[in-house]
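Working notes for the structure below.
None of the figures in this text is laboratory data; all of them are computed from the coordinates on show. None of these values were measured; they are calculated from a predicted model. Here the Cβ positions follow ideal geometry from the backbone for every residue, glycine too, while neighbour counts run over all protein chains shown.
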Amino acid sequence: MSKLSVNHLLGIRGMNRDDLELIFNTASEFKEVLNRPIRKVPSLRDLTVANLFFENSTRTRLSFELAQKRLSADVVNFSAASSSVKKGETLVDTVNNIIAMKVDMVVMRHPHPGATHFLAEKVNTTFINAGDGTHEHPTQALLDAFSIRERVGNDLEGKKIAIVGDIRHSRVALSNILALKLLGARVRVCGPATLIPKHMQSLGVEISHNFDETLVWADVVNMLRIQHERQGGAMSIPYFPSIREYTLNFGLTQERLQRLDKQLTILHPGPVNRGVEISSGIADSDHSLILDQVENGVATRMAVMYLLARR
């Protein structure tokens, strides 16, 4: 297979295993490019990519922009705060006006689930979903899986991977579950009962509220942050009594790791709440793939844009 089966990257749902393998193989080639003295290729020369971020982002936006520049694309950055959306213009009109300026591809983050899917049906261009509300974040799942494969081997069939924390409000969790299941991994979600939605079982994952038992079970652990911004703010959290209690029950500490008789691979999509879901010592340790995820994010997003542009 030499091309993707999809015209857009709207989510992991709708993709197949061959799509994922093609992206991983292409990302491996681009990672070699990123480690060369001249870290640039002309793959998207003469193409223009617009980054439309209607929600705050640091890592994802910078990662996409750097990936675009490494591919020699022309880049347009759109800020919702200073746009005509604030004046009442519809989302479709905003994007259509941008496309009329001869933009070839749109990377979009939006606070409303399904926004990118909606636009892909209305606007004639290629879309990449950089996160839509609490729905999906497909490129994060791809770079996470790519990072895991680098550490534990390309075959994830039967590997035990735990996703721990705020599952309810996480778009990373859903995309990771879908991608890892496609690759044959066993997936378990773990966290307080209030932060694990009931529909999780329909995705074919295991559910646990016992973090220590889950650490014994897992080969890989992906620690998610508590998403205060989706829970009414840091001072108003109805899902558990306190941050201290959450950390006692679900925080990854040196003491917990020392009780294990194995090497555990640890991921975190960022930003990291140090001392809450994970201690600083572990975040900066050899167990952690956090900085590998950041590096692999650029290579993976280069692969996605290159493959979509080929279509």
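Worth pointing out:
- Measuring between alpha carbons in the structure, the pairs from K3/K102; K3/K69; K181/K262; K69/K102; K159/K181 lying more than 20 angstrom apart are K3/K102; K3/K69; K181/K262.
- For region 127-136, backbone phi angles converted through the Karplus equation (6.51, -1.76, 1.60; θ = phi - 60°) give residue-by-residue couplings of 10, 10, 7, 9, x, 10, x, 9, 8, 9 Hz, Gly and Pro being listed as x.
- Put a dot 7 Å past the Cα of N154, heading toward its Cβ, do the same for K122, and the two dots end up 4.2 nm apart.
- Relative to the compact-globule estimate of 2.2 N^0.38 Å, the Cα radius of gyration of the chain comes out at 0.99.
- The order of S43, S175, S72, going from fewest to most other C-beta atoms within 10 Å of their C-beta, is S72, S43, S175.
- Local electrostatic count at W217 - Lys and Arg +1, Asp and Glu -1, tallied over other residues with Cβ under 12 Å: +1
- Residues in region 113-130 that a label on N96 would reach, taking backbone N under 12 Å of a point 7 Å out along Cα→Cβ: 122-124
- Spin-label model, V294 to R59: label points 7 Å out along the Cα-to-beta-carbon direction sit 0.9 nm apart.
- Neighbour counts of C-beta atoms inside 10 Å place R225, R36, R59, R301 in the sequence R36, R59, R225, R301, starting with the fewest.
- Simple spin-label estimate for V76 and I38 gives 2.9 nm between the two label positions (7 Å along the Cα-to-Cβ direction from each Cα).
- For region 272-282, 3J(HN,Hα) per residue [Karplus equation, 6.51 cos²θ - 1.76 cosθ + 1.60, θ = phi - 60°, Hz, x = Gly/Pro]: 8, 8, 4, x, 10, 7, 8, 7, 4, x, 6
- Extreme residue, positive dipole direction of the chain, given options G281, Q258, V49 (C-beta unit charges): V49
- Counted by neighbouring Cβ atoms within 10 Å, the residues I161, I243 run from fewest to most as I243, I161.
- Nearest-20 debye value, the chain charge dipole, Cβ charges on Lys, Arg, Asp, Glu: 440 debye
- Three-way shape label, region 98-199, alpha-carbon gyration tensor, a/c 1.5: oblate
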